[in-house]
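The values are calculated or read from the model by the stated rules, or taken from the named source; none is laboratory data. These figures come from a predicted structure and were not determined experimentally. With ideal geometry, Cβ positions are generated from the backbone for all residues, glycine too; neighbour counts draw on all protein chains shown. Accessible surface areas use protein heavy atoms only, side chains included; no ligands, DNA or RNA. Shrake-Rupley method; radii C 1.70, N 1.55, O 1.52, S 1.80 Å.
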Amino acid sequence: MLHDPLSDALSSIKNAEMGGKLEGVIKPSSKIIGNVLKVFHERGFIEEFEFIEDGHGGKFGVKLLGKINDCGVIKPRHSVKRGEFEKWEKRYLPAKNVGSLILSTSRGIISHQDAEEAKIGGVLLAFIY
């Protein structure tokens, strides 16, 4: 039974990466999953992704590059002020400037690097490295 679609999506990406596969399928789909995949693509962790309509809510097809060591959701969803990113980087990422935290902000779902540049805070959703 599905309880957290984002967690299930990141688990399927991680399992496909660990299995050495070049493609993965994420279902069910949602706007949040699509936006998180967009950040993964912008940061260079996945090659591309596409939405596939299957008549049951759709799914995402993801082409992998083999660059993901670990990814997952952050629960509970912590609120982060604009000066607190280093604290959360230490907790969820293996080293400074390695990987990304994914945040939900007033400007949409973006990485913590983009949030630092824009000088905004948000709510932590996921991590990837």
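Only one of VAL73, VAL39, VAL80, VAL98 is open to solvent by 30 Å² or more (accessible area, probe 1.4 Å), among the hydrophobic types (A, V, I, L, M, F, W, C) and touching a strand residue (DSSP E or B) at 6+ places or on another chain (Cβ under 7 Å). Can you tell me which?
Details: VAL39 fails: open to solvent by 30 Å² or more (accessible area, probe 1.4 Å); VAL80 fails: open to solvent by 30 Å² or more (accessible area, probe 1.4 Å); VAL98 fails: touching a strand residue (DSSP E or B) at 6+ places or on another chain (Cβ under 7 Å).
Result of the check over VAL73, VAL39, VAL80, VAL98: VAL73.
Inspect all residues belonging to segment 43-52 and state whether any of them is surrounded by 18 or more Cβ atoms within 10 Å (Cβ to Cβ), without any contact (Cβ under 8 Å) to a residue 60 or more places away in the chain and among the charged types (D, E, K, R). Let's see the steps before the verdict.
To start, the set of residues in segment 43-52 that are surrounded by 18 or more Cβ atoms within 10 Å (Cβ to Cβ) comprises 45-46, 49.
Next, only the ones that are without any contact (Cβ under 8 Å) to a residue 60 or more places away in the chain stay: 46, 49.
Narrowing further to those that are among the charged types (D, E, K, R): none.
Within segment 43-52 (the criterion being surrounded by 18 or more Cβ atoms within 10 Å (Cβ to Cβ), without any contact (Cβ under 8 Å) to a residue 60 or more places away in the chain and among the charged types (D, E, K, R)), the answer is no, since none of the residues qualifies.
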With the first residue restricted to segment 1-25 and required to be free of Cβ contacts under 8 Å to residues at least 40 places away in the same chain, and the second required to be of a type in the set (Asp, Glu), Cβ contacts under 7 Å at 6 or more apart or on different chains are LEU2/ASP8
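Quick one: which strands (runs of 3 or more DSSP E) lie wholly within segment 71-129 and hold at least 1 residues that are in contact with a Cys (Cβ under 6 Å, 6 or more places away or on another chain), among the polar types (S, T, N, Q) and free of Cβ contacts under 8 Å to residues at least 24 places away in the same chain? Lay out the reasoning, then the answer.
Numbers: elements: 71-73, 100-105, 108-111, 122-128.
So the answer is none; nothing clears 1.
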Can you tell me which of (1) touching a Gly at 6+ places or on another chain (Cβ under 9 Å); (2) in contact (Cβ under 8 Å) with a residue 24 or more places away in the chain is the one LEU37 doesn't meet? (1)
Among the basic types (Lys, Arg) and not assigned by the TED database to the domain that holds HIS112: does that describe LYS38? yes
Scope segment 78-104; condition within 21 Å of PHE45 (Cα to Cα) and among the polar types (S, T, N, Q); matching residues: ASN97, SER100, SER104
Hits in segment 34-57 - residues which are over 14 Å from ILE128 (Cα atoms) and β-branched (Val, Ile, Thr): ILE52
For LYS21, indicate whether it is in contact with a helix residue (DSSP H, G or I) (Cβ under 9 Å, 6 or more places away or on another chain), in a loop (DSSP other than H, G, I, E, B), farther than 13 Å from ILE128 by Cα and assigned by the TED database to the domain that holds ASN97. no
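What number of residues in segment 56-105 are of a type in the set (Gly, Ala, Ser) and within 17 Å of the chain's Cα centre (by Cα)?
Residues of segment 56-105 that are of a type in the set (Gly, Ala, Ser), as a first pass: 57-58, 61, 66, 72, 79, 83, 95, 99-100, 104.
Still in the list and also within 17 Å of the chain's Cα centre (by Cα): 61, 66, 72, 79, 99-100, 104.
Summing the residues that are of a type in the set (Gly, Ala, Ser) and within 17 Å of the chain's Cα centre (by Cα) in segment 56-105 gives 7.
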Has segment 19-33 got at least one residue that is open to solvent by 90 Å² or more (accessible area, probe 1.4 Å), acidic (Asp, Glu) and touching a strand residue (DSSP E or B) at 6+ places or on another chain (Cβ under 8 Å)? yes
